[in-house]
1. Of the conditions (1) under 17 Å from B:Asn124 (Cα atoms); (2) at the interface with chain B (Cβ under 8 Å from one of its Cβ atoms); (3) in contact (Cβ under 8 Å) with a residue 24 or more places away in the chain; (4) over 12 Å from the mean Cα position of the chain (by Cα), A:Gln93 clears all except one; give me its number.
2. Do we have any residue at all in segment B:212-224 that's in contact with a Cys (Cβ under 8 Å, 6 or more places away or on another chain), farther than 21 Å from B:Val470 by Cβ and either touching a residue at least 60 places away in the same chain (Cβ under 8 Å) or not in a strand (DSSP E or B) (or both)?
3. Please go through segment B:253-289 and pick out each residue that is β-branched (Val, Ile, Thr) and crowded, with 18+ Cβ neighbours inside 10 Å.
4. Name the residues in segment A:6-31 that are touching a residue at least 24 places away in the same chain (Cβ under 8 Å), more than 11 Å from A:Phe87 (Cα to Cα), of a type outside the set (Gly, Ala, Ser) and facing another protein chain (nearest Cβ under 7 Å), would you?
5. Name the strands (runs of 3 or more DSSP E) wholly within segment B:116-199 that hold at least 2 residues that are within 14 Å of chain A (Cβ to nearest Cβ) and modelled with pLDDT under 80?
6. Inspect all residues belonging to segment B:60-70 and state whether any of them is in a loop (DSSP other than H, G, I, E, B), of a type in the set (Phe, Trp, Tyr) and at pLDDT 85 or above.
7. Do we have A:Thr68 as assigned to a loop (DSSP other than H, G, I, E, B), closer than 19 Å to B:Ala116 by Cβ, out of contact with any Ser or Thr (no Cβ under 6 Å at 6 or more places or on another chain) and among the polar types (S, T, N, Q) here?
Amino acid sequence: MASEVEETMKRIQSHKGVVGTIVVNSEGIPIKTTMDNTTTVQYAGLISQLSDKARSVVRDLDPTNDLTFLRIRSRKHEIMVAPDKEFILIVIQNPTE
Amino acid sequence: MDVQYVYTKKRSEFGRPCFFVDEGPKLMENIMPNREFHNGYIFKNPVNRSTQCSSVLAEHEVNTIRAQYDQRGMNHTEGGWPREVNPTDEEQTLRFKKKIEKDEMYVHTVLQLTHAMEHCILQNNAINIYEEYFEDVESATLMERCSARTLNVYRDPNKVKRPVTHLSWSPDGGTRLAVSHCNLEFQRRSPDLSTFSYIWEVENPNKPQLILKPSVPIVCLEYNPKDVNCLVSGMFSGQVAFWDVRKGSTPVDMSILEPSHRDPVYSVLWINSKSGTEFFSSSTDGQVKWWDTRKLNEPSETLILDIVKGEEQILSRALGASCLEYEGTIPTRFMVGTENGCVISCNRKGKTPAEKIVSKYTAHVGPVYALQRNPSFVKNFLTIGDWMARIWSEDCKESSIMWTCNHQAQLTDGAWSPTRSSVFFTTRMDGSLDAWDILRNQKEAVISVKVCDYQLSNLRVHDQGQLVAVGNNMGTSYLAEFSENLAATQRNDKVLLTAVS
C-alpha cells in the first residue's frame with residue numbers, strides 16, 4: 001500500500017509542468033515533499049492556513065457545503081490544493097503557455 | 001515725617017459704620033527745591049543714539065511630523081510537531097513521518113486526493129483556461145442614446161427685443177459669446193431702437209460682459225481666431241467696424257460710407273494672413289470686399305459677384321451674397337452663397353474677375369443661409385437654404401451628393417461639428433435645433449430639440465463640439481449641450497466618411 005502511494009506521487013511529479021508536491025497533515029507538518037525544506041515549510045504553513053480559511057468561508061455561506069478543491073493562479077505558476085479532513089495535498093505547477 | 005498712625009478702638013465698636021467727616025487739607029511735609037543739587041548735574045553732549053535701517057528678521061523653527069519606522073520580520077518555523085518529537089532532531093522527525101506514512105488513513109486519503117489533483121493537472125496541461133482568446137477584436141461601440149439640453153439662456157436686455165443676427169464664440173476655448181442684434185426688416189428702424197450688441201460670458205447669463213455701442217446696429221460679428229480681444233463687425237449701413245474689447249464699448253475704427261457696401265453686410269470673416277488683420281465682407285449688394293483693420297477707410301480689394309462672363313463686372317447684374325465661407329487651410333479660395341440660391345466658389349488670386357469666379361453650384365430655391373466646409377474633409381461642404389440641407393463635393397458640380405428631406409419649416413442656419421466630422425447641426429424656423437449624423441441616419445436627424453417657440457435664426461457650434469449656441473427672433477440666445485457621443489470622434493469616423501463621400 002505504501003508503495004502505491006509512492007508510485008502515485010511519482011506519477012504526479014512526472015506530469016508536465018509540475019514543480020513540486022507536498023503532503024501536509026492537519027497540524028501543518030509536511031509529511032512527504034519533493035522540494036527543499038525551507039520552501040516546503042513555507043508552503044505548508046501558509047497554504048494550510050489559507051485552505052482552512054477557504055473552507056470556513058464555504059461552510060459559513062452554506063453549512064451543507066464543503067471545500068473540495070482550491071486553485072491559486074499566479075503569474076508564475078498555479079498552486080493546487082486538495083484538502084481533506086486529515087491531510088492536504090499541494091501541487092505547484094507551471095501551466096502550459 | 002511719621003508714616004504711621006496709631007489709634008485704639010473698643011472691641012464693641014468693631015464693625016460699626018464709619019462716619020466720615022470732612023476735614024480740610026493739612027500740610028504734612030514740604031520739601032523745597034535745593035539749588036545746590038542743580039550744580040551736580042552735567043549735560044550730556046554729544047548724546048549717542050543708534051538706529052539701524054534694516055529689515056526686521058525673525059527666526060522660526062519648524063519640524064515636520066516624523067514618521068515612525070519599524071522593522072519587522074517574520075520567522076517561519078515549523079510547528080505542530082507533537083511534544084515527544086524534537087523538530088531539530090532529524091532522526092526523530094523522519095521516524096515520525098514514516099509512522100504516519102504507514103497509517104492506512106494516510107494512504108487512503110492521499111490516493112483520493114491525488115485523483116482529483118491529477119484531473120486538474122491534466123486539465124492545465126491540456127488547455128489554458130485563462131487565455132485571452134479574442135485579443136485583437138475591439139469591443140463594439142454601443143449605440144448610445146443621444147440627448148441634448150439647454151444650459152443657459154441669454155436674453156436681450158433691451159425692452160424692445162431685436163432678433164439675433166449672428167453669434168460668435170471667442171477663440172480662447174469659447175468662454176465668451178458675442179451676439180449681434182439687429183432688426184433686419186425693411187424700414188423697421190426707429191430712432192429709439194437700440195443699436196447695442198453684447199458679449200456674454202458663458203457662465204453668466206444675467207448680465208452681458210460687455211455692451212458694444214456702435215452708431216448703427218451690427219448685423220454680423222466675428223472674433224479674430226488668432227486674437228481673443230479683437231472683433232470685426234459688419235453693420236446695417238454697409239460699413240464695417242473693428243472692435244477691441246479692451247478699449248470698451250465703442251469701435252476702434254469704422255469704415256466710411258462711400259467705399260463700403262450699399263446694403264447691410266451679412267457676412268464678415270477673418271482671413272489667415274501674416275498680420276492677422278485682414279478680413280473680408282459680403283453683402284446683398286453683390287460685392288465682396290477685402291479690408292485691413294489698420295486701414296479701414298477703404299477696402300484693399302473689391303469683387304463684384306457678376307457671374308455673367310463678360311468683359312466687365314457690372315454691379316447691377318451682380319448677385320447678392322447672403323453668406324461667406326472661408327477655410328483657413330485653403331487661404332486663397334473662398335465661397336459665397338447668394339440670394340438666388342447659387343453657391344459660387346472663388347479664387348482670390350485670379351487676375352481677371354472672370355478667373356476669380358471659379359465655379360458655380362445651383363444649390364437652393366431660396367437664399368443660401370449657411371455655407372460651411374467640413375472641417376475634416378474640406379472638399380465637402382454643407383449648404384443650408386429653403387427647406388433642406390445639402391452636402392456637396394467640390395468635384396461634383398451637377399448636384400449635391402447628399403441632401404436631407406424637405407422639412408416642414410424652413411431651415412435658417414447650419415454648421416458642422418468641429419470635433420466629429422460626420423455630425424452637423426441645423427436650426428429651423430419653428431424653433432427647433434436638429435443634430436444630424438450622416439453615418440448613422442441620413443433620412444432624419446439623430447436628435448431634434450425644440451429650443452423655443454420662435455424662429456431660430458442663428459447657430460454656432462463651440463470649438464469643443466458639445467455646446468451649440470442658437471439665437472432666435474426675439475433676441476434670446478440659448479446654449480444647448482449635446483451628449484458626448486455627438487461630440488467625441490470615433491476612430492472609424494474618418495474612414496467611414498471617406499467611404500461614404
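The values are calculated or read from the model by the stated rules, or taken from the named source; none is laboratory data. These figures come from a predicted structure and were not determined experimentally. Neighbour counts run over all protein chains shown; Cβ positions are idealised from the backbone, glycine included.
1. Status for A:Gln93: all satisfied but (4).
2. Checking segment B:212-224: not a single residue is in contact with a Cys (Cβ under 8 Å, 6 or more places away or on another chain), farther than 21 Å from B:Val470 by Cβ and either touching a residue at least 60 places away in the same chain (Cβ under 8 Å) or not in a strand (DSSP E or B) (or both).
3. B:Val265, B:Val268, B:Ile271, B:Thr277, B:Thr284, B:Val288
4. A:Ile12, A:His15, A:Lys16, A:Val18
5. Result: empty, no element qualifies.
6. Among the residues of segment B:60-70, at least one is in a loop (DSSP other than H, G, I, E, B), of a type in the set (Phe, Trp, Tyr) and at pLDDT 85 or above, which makes the answer yes.
7. Considered against the rule, which asks whether it is assigned to a loop (DSSP other than H, G, I, E, B), closer than 19 Å to B:Ala116 by Cβ, out of contact with any Ser or Thr (no Cβ under 6 Å at 6 or more places or on another chain) and among the polar types (S, T, N, Q), A:Thr68 comes out as yes.
Matching residues to (1) under 21 Å from the mean Cα position of the chain (by Cα); (2) under 19 Å from B:Met388 (Cβ atoms); (3) modelled with pLDDT of 80 or more:
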residue: B:Thr427; (1), (2), (3): no, yes, yes
residue: B:Ala445; (1), (2), (3): no, yes, no
residue: B:Thr489; (1), (2), (3): yes, no, no
residue: B:Leu497; (1), (2), (3): no, no, no
